[in-house]
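Right, one structure below, let's go through it.
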Amino acid sequence: MLKYLAVVSSLLIFVEAIQRWHTSQVMLTKLYDMQNDHFNVLDNYLDLESKRLEELKNYVAAVYEWRDQIKTKKDFLHDHLDVIKVMTQMHQHFLKIDDLIKNKQFSEALKDIDDHKDLSGDHILWAHRALRRLQLFYAIPASDMSEGRMNEKVIGDRMDACECYVMAKYCLEGNDPYGALYWAVEAYGKWESDGRPKCVDPDILNYYIVSSSVYTGFDFMNLINLNGSNYQEYTELFVRYHHLIKNELFELEKERAMDIMEAYNNLIGSEIMNEFRHLCKHGVSRTLTKYSKCRYQTNNLFYRILMPFKEEDINSEPLIKIYHDVLYDDEILKIKMMSLANMNDAQVKSIAGNESELQEQTRSGQVYWIKEVDAVEYFDALNTRIESFTGFSTKTAERYQIVNYGLGGHYLPHHDPFRKGNLTDVQNDGYTSFPMINIIVPAEKGSALVWNNLHMSNGQLYYETLHGSCPLLKGNKWIMTRWLYEEGQHLPYNWKNK
């Protein structure tokens with residue numbers, strides 16, 4: 001059976017599926033284009049509507065003038081022929097006014113919005129779930145996330161009462177009572193401090209708090225009185241009580257995070273998951289040993305003497321290296337331009353061929369497989385570079401895969417084929433984590449992160465190469481991967497019989 005050179009088995013492979021707005025920075029950028037389209041449609045509608053109303057106003061004025069002229073004729077009702085003319089004219093006036101009122105041209109203009117992708121349906125729900133998953137993974141208190149920070153790090157703008165209210169709504173609809181209570185309480189505090197904005201329905205907010213209190217055991221039901229005479233007393237009591245239970249609720253939230261991310265636990269166990277989360281959250285620097293080295297590498301190629309590879313050792317067993325400045329700026333731009341219009345969400349598909357729904361707890365991002373004809377035209381030089389620093393042939397390699405991450409974009413720890421190349425720098429985020437060997441590597445523009453997932457002696461899997469992409473808190477992460485097959489390589493074992 002044909003195997004990837006860099007991996008033996010994988011429980012999941014991915015195929016293209018329906019796009020979601022939040023899953024990549026590419027799609028999030030397109031939201032602005034969509035909004036511009038909507039603005040253009042609305043401008044056209046307003047222009048047509050203004051012309052219609054002006055025409056209607058002028059026509060009604062002309063009808064009034066005609067009516068006044070008729071009324072000046074004292075005997076016009078006695079002339080039966082004139083009566084018929086008047087009735088006919090009145091009918092025509094009615095049809096014209098009715099046509100101006102029901103003008104199809106301006107109503108058709110609004111239909112143009114329906115022809116564009118919008119944010120209806122479950123798009124906002126999916127985005128909320130991604131944000132909630134991000135909050136749980138990094139164990140960020142709602143009070144911190146609503147202020148746009150994690151510890152001392154700024155991760156966004158401050159959320160107002162309306163936005164916290166929406167978070168509580170979607171948590172409750174998603175059967176997440178701890179999240180609903182946490183965000184509802186946060187929404188209540190901001191609702192007070194923001195001057196009680198109308199976007200928050202106090203009765204519904206009270207329902208969120210009451211129903212979540214029943215489930216979680218944190219009794220806020222009698223502490224929040226939105227309309228009572230003792231409102232000030234209840235507010236002060238709420239503030240004191242919230243301060244006391246805030247830490248306890250947060251600790252339960254961290255435990256709840258492990259339960260919600262069942263995909264992580266079921267696949268790799270909680271110990272590895274804890275290490276993965278720790279590495280991602282704290283960004284622990286890799287430990288350098290006496291075997292760690294940085295060097296200029298030519299691999300005995302004469303044309304590399306003037307432009308050697310910058311090789312950095314990360315780990316010896318399994319072998320992990322970084323090659324810096326492998327991709328050039330013009331190549332990166334070309335790759336992005338080629339991918340922008342062709343990216344799609346990844347859908348999970350089992351090896352048995354049974355497709356399932358998008359599972360963002362496993363992987364969230366958008367991918368594009370570069371067509372072979374484009375790869376030949378644009379990336380022959382890059383193929384040569386890969387062959388130079390890996391010593392493996394790319395003639396039997398898989399096609400290049402481009403990945404762009406969006407809101408909470410991540411990749412479940414897994415054993416993967418040969419990975420090649422980061423396109424963009426992502427400060428303090430976008431790490432690739434190896435939880436079994438306590439190694440974390442930041443995304444660096446133009447560099448190639450390379451490792452052998454198989455033992456070169458016998459083709460067995462290096463289990464220590466289990467790795468994942470940390471959920472993205474901030475930034476725009478692009479990567480390009482290249483998988484090398486065993487086929488076509490000079491190996492000391494017979495891969496065909498395995």
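Side notes on the structure shown:
- Scope the range 143-178; condition in contact (Cβ under 8 Å) with a residue 60 or more places away in the chain and crowded, with 24+ Cβ neighbours inside 10 Å; matching residues: none
- Residue match in the range 455-465 (condition: among the hydroxyl-bearing types (Ser, Thr, Tyr), on the phi < 0 side of the Ramachandran plot and surrounded by fewer than 17 Cβ atoms within 10 Å (Cβ to Cβ)): yes
- Residues satisfying the stated conditions in the range 365-404, i.e. open to solvent by less than 20 Å² (accessible area, probe 1.4 Å), more than 31 Å from the chain's Cα centre (by Cα) and over 11 Å from Arg482 (Cα atoms): Arg385, Ser388, Phe389
- The single condition among (1) out of contact with any Phe, Trp or Tyr (no Cβ under 6 Å at 6 or more places or on another chain); (2) within 18 Å of Ile320 (Cα to Cα); (3) modelled with pLDDT under 85; (4) surrounded by 20 or more Cβ atoms within 10 Å (Cβ to Cβ) that Asp429 does not satisfy is (2).
- 2 or more residues modelled with pLDDT of 80 or more and closer than 17 Å to Ile386 by Cα: qualifying helices (runs of 4 or more DSSP H) within the range 251-344: 329-339
- Qualifying residue in the range 49-70 (condition: at pLDDT below 80, of a type outside the set (D, E, K, R) and in a helix (DSSP H, G or I)): yes
- None of Gly446, Gly475 is at pLDDT below 85, in a loop (DSSP other than H, G, I, E, B) and either under 21 Å from Ile320 (Cα atoms) or open to solvent by 30 Å² or more (accessible area, probe 1.4 Å) (or both) except Gly475.
- Flag: Lys30 matches the condition of being in a helix (DSSP H, G or I), open to solvent by less than 80 Å² (accessible area, probe 1.4 Å), modelled with pLDDT of 70 or more and basic (Lys, Arg).
- Members of the range 370-393 that are in contact with a Lys or Arg (Cβ under 7 Å, 6 or more places away or on another chain) and either part of a loop (DSSP other than H, G, I, E, B) or closer than 20 Å to Ser24 by Cβ (or both): Ile370
- For Tyr368, the criteria (1) at pLDDT below 85; (2) closer than 30 Å to Gln135 by Cβ hold in every case but one, which is (1).
- Counted as qualifying within the range 88-191 are the helices (runs of 4 or more DSSP H) with 2 or more residues that are modelled with pLDDT under 85 and in contact with a helix residue (DSSP H, G or I) (Cβ under 8 Å, 6 or more places away or on another chain), namely 104-114, 123-137.
- Of all the numbered requirements in (1) touching a Lys or Arg at 6+ places or on another chain (Cβ under 6 Å); (2) under 25 Å from Asn274 (Cα atoms), Glu147 misses one, and that requirement is (2).
- Candidate set: the range 43-66, residues that are of a type in the set (A, V, I, L, M) and open to solvent by less than 70 Å² (accessible area, probe 1.4 Å); chosen: the one nearest to the chain's Cα centre (by Cα): Leu48
- Of everything in the range 206-225 that is at pLDDT below 70 and not β-branched (Val, Ile, Thr), the residue that is farthest from Asn175 (Cα to Cα) is Asn225.
The values are calculated or read from the model by the stated rules, or taken from the named source; none is laboratory data. None of these values were measured; they are calculated from a predicted model. So basically every Cβ, Gly included, is an ideal-geometry build from the backbone, and we count neighbours across all protein chains shown. Heavy atoms of the whole protein, side chains included, go into the accessibility calculation; ligands, DNA and RNA do not. Shrake-Rupley method; radii C 1.70, N 1.55, O 1.52, S 1.80 Å.
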